[in-house]
Amino acid sequence: MRKTFLLLTVLGTALCAVAQKKVEIRRNQVGMTPQQEKVIVVEGMNPKGKVRVTTPDDRVVKPREVRKAVSPLSGKTRYVVTLGDLGQEGRYQVSVGGSQCELTVAEHPYHDIATSALRLFYLIRSGVPIEMGGDYNRPLGHPDTKVLVHPSAASPLRPAGTVISSPLGWYDAGDYNKYVVNSAFSIGLMFVAYEQQKDYFARLNTNIPESRNMTPDLLDEMMFNLRWLQTMQDPYDGGVYHKLTTPNFEGFVMPVDCKQPRYVVKKSTAATLDFAAVMADAARLLEPYQEDYPGFSAQAAAMAERAYQWAKEHPADYYRQSELSNPAVTTGAYDDENVTDEFFWAASALYRLTGKQCYLDEARKHQPQQFTIPSWGGVASLGAFEWLGDSQSALYEPMKQQLLALCAHTVQGVETSNFQSPFGNQASDFGWGCLSEKLCCQAMLLLYADRLTGGRQYRRYALQNADYLLGRNATGYCYVTGFGDKRVMHPHHRPSEADGVEAPFPGMLVGGPNPGQQDKATINQPYPSDCADESYLDDMSSYASNEIAINWNASLVSFLCWLDALY
């Protein structure tokens, strides 16, 4: 009798555990357009026949399809539920096995988050007080009017210890330094989106000090960083310093409380070429706005050509941080010893600006053989976009075919994927900054392919990546601060941690799941999982998964503003 009682108790406990297993509904927490497909992902039970969707006018509709998906990363069983068109604007109530969530359908669901992503660049400006940031206002920090020339950057006319002025620009990431390679890449990426949606950006108001002038706000914001970049070129030889930095990272304090001296360090081929490329593009794109920025275009064009000449004379002057001393430097390296892609981008941008045969010859010399997702260390795609901007250009057709081949490969397997998206289906999708380069930049390429093909073949897949980013993923987080109901609250970002405001700066994209867990020995709490797509920690100590960076936000701006413009 006792054995029977114990057996029933064990069985009852097991059944109770099954009954009480939490049902998770993963979905886009920000909003979707009436036209895009509506998909949720359910964990914890088979939802077939148990999904109830109530429309804004209180009708109940059944889902169109339920399919089973087993994760190749964690082995978890999930169910991908296609809800149907749901084209009516408003809020839909979704219930599955006692769990509930809300879906928002709106004509412009990405507008607020896209605008917030771009406005973030105002909030992270360096060298000026922030006076239009509301709760995030702060006094002037890092004026950078007395910056030292590091021994590694010394030249006959600027010996070590020379004091120069290098103000303005954006803080790069969770730290307070300014890096030419990443700044130029970030601007270049946003220029690509700007060129595809000029009318949209002409109307977009991000409430920055320059919003009342005649120049689109995006270009105004780029100018704030371009003005700093101009100070990073040595006026005597045309080379460009790799970065402006303190010897070591500052603590989690506000900019006004930082005390370390700041230096410009060694000139590098990569930084100089990135500078040349972005100055050439800026000269071209800002030429119509002479009223606000008189003389800038001519100045930028001259600086770009001079930088390219320096790079030609120093084709392998690489940044190697371990070689720096007096003082040693331990901040972000952004080191790159393969500069073929930088030569291609710079030559392509200069040819587009000047039409000079020498730059066409250089571009052909460094032409890539396949399209790659853009990153700060791989900028060949930014060079390709220079040619894709003109269907009559010399390299248009090969660049187009390379891009379409990459996009066709990217969307394979979506229909059997765990989260109905191109991103997130293999371990290699995840790692440092994956939500930027692997998700947002991938989606940006899909949108470009959508435009080139003249249809909506690829737009659908880009929207699926937006769904993943905004909550339909393995952790359930909306990975952009300030948005979603399961939102990031503790990014690795010094001012957000030190300013005394509970919520972090809004509009920041965090790096995302990173199975490398390079910060594992120093974080405040363990990662919740070692699975590639769940290896994420919302804690300020997790720089490997929860830091922010300007290149990551540049990809977010490029992707979401482009989506917002389409609708």
Whether the range 229-293 is rounded, prolate or oblate, judged on the alpha carbon gyration tensor where a/c under 1.5 counts as rounded: oblate
Degrees separating the helix 459-469 axis from the principal Cα axis of the chain, which is the longest one: 80 degrees
Stretch gain in nm, segment Val66-Glu195, where the contour uses 0.36 nm per residue and the Cα spacing is subtracted: 42.4 nm
In Å², nearest 10: area of Ser417 left accessible to a 1.4 Å probe: 10 Å²
Crossing angle, helix 269-285 versus the chain [Cα axis fit, 0-90 degrees, rounded to tens]: 90 degrees
Per residue value of the accessible surface for the range 69-207 (all protein chains in place, 1.4 Å probe), Å²: 36 Å²
Carbon + sulfur, % of accessible area of the range 371-411 - ligands and nucleic acids excluded, 1.4 Å: 53 percent
Simple spin-label estimate for Tyr567 and Gln100 in nanometres, 7 Å along Cα-Cβ: 2.4 nm
For Met508, distant residues with modelled amide H under 5 Å away: Thr481
The chain: angle of helix 550-566 to the longest principal axis, Cα-based, in degrees nearest 10: 70 degrees
Qualifying trypsin sites (Lys or Arg not before Pro) for the range 403-500 [loop in DSSP, other Cβ within 10 Å: at most 15]: Arg456, Lys486
Amide H contacts of Lys38 (H built 1.01 Å from N, under 5 Å, at least 5 apart or other chain): Leu83, Gly84
Cα gyration tensor shape for the range 374-418, rounded if a/c is under 1.5, else prolate or oblate: oblate
Karplus (6.51, -1.76, 1.60) ³J(HN,Hα), θ = phi - 60°, over the range 224-233, in Hz, Gly and Pro reported as x: 4, 7, 4, 4, 5, 4, 4, 6, 8, 8
Cut-off under 5 Å, modelled amide H: who pairs with Lys267 long-range: His242
Across Lys259/Lys312; Lys62/Lys486; Lys178/Lys438; Lys68/Lys520; Lys243/Lys400; Lys243/Lys356, pairs whose alpha-carbon gap is larger than 32 Å: Lys259/Lys312; Lys68/Lys520; Lys243/Lys400
Rg [Å, one decimal], Dmax [Å, integer] - the range 291-366, C-alpha atoms: 15.8, 45
Hz values of 3J(HN,Hα) by residue in the range 115-120 - Karplus curve (6.51, -1.76, 1.60), Gly and Pro given as x: 5, 5, 5, 6, 5, 3
Candidate aspartates and glutamates for bridging to Lys50, where Cα separation is under 17 Å - those fewer than 8 sequence places away on the same chain excluded: Glu24, Glu65, Glu102
Rotationally averaged projected area of the range 11-170 (alpha carbon convex hull; nm²): 17.8 nm²
Accessible area in the full protein assembly, largest first, 1.4 Å probe, for Ile25, Ile130: Ile25, Ile130
Vicinal HN-Hα couplings computed from phi for the range 470-476 (Karplus, 6.51 cos²θ - 1.76 cosθ + 1.60; Hz; Gly/Pro x): 9, x, 8, 8, 5, 9, x
The chain: relative contact order as a whole-number percent, Cα under 8 Å and 6+ apart: 16 percent
Isotropically averaged projected area of the range 394-457, using the convex hull of Cα atoms (one quarter of hull area), nm²: 5.0 nm²
Under 14 Å from the Thr522 label point (7 Å along Cα→beta-carbon), backbone N, the range 169-203: 174-176
Sites matching GluC sites (Glu not before Pro) across the range 479-544 that sit in DSSP coil, with at most 16 neighbouring C-beta atoms within 10 Å: Glu502
Theoretical ellipticity at 222 nm over the chain - DSSP helices of four or more residues, -39500 (n - 2.57) apiece, nearest 500: -11500 deg cm²/dmol
Accessible area of the range 229-269 divided out per residue, in Å², using a probe of 1.4 angstrom: 32 Å²
Structure-derived volume of the Cα convex hull per residue in Å³ - corresponding label in (i) 164; (ii) 182; (iii) 155: (i)
Exposure ranking of His493, His108 by accessible area [1.4 Å probe, largest first]: His108, His493
Cα radius of gyration and Dmax for the range 331-451 (Å): 15.7, 50
Loop-located GluC sites (Glu not before Pro) in the range 233-342, at most 14 other Cβ atoms within 10 Å (DSSP): Glu291, Glu337
Difference of contour (0.36 nm per residue) and Cα-Cα distance, Arg91 to Glu313: 73.8 nm
Centre separation in Å (Cα based) which lies between the range 215-270 and the range 327-400: 22 Å
Sites Thr145 and Gln369 - FRET efficiency at Förster radius 30 Å, r taken between beta-carbons, to 0.05: 0.05
Accessible area expressed per residue, the range 304-384, with surrounding protein chains retained (probe 1.4 Å, Å²): 45 Å²
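The values are calculated or read from the model by the stated rules, or taken from the named source; none is laboratory data. Remember, it's a predicted structure, so these values are computed and weren't measured experimentally. Every residue, glycine as well, gets a Cβ built from its backbone with ideal geometry; the counts of neighbours run over all protein chains shown. Side chains are part of the model used for accessible areas, which takes the heavy atoms of the whole protein and leaves out ligands, DNA and RNA. Shrake-Rupley method; radii C 1.70, N 1.55, O 1.52, S 1.80 Å.
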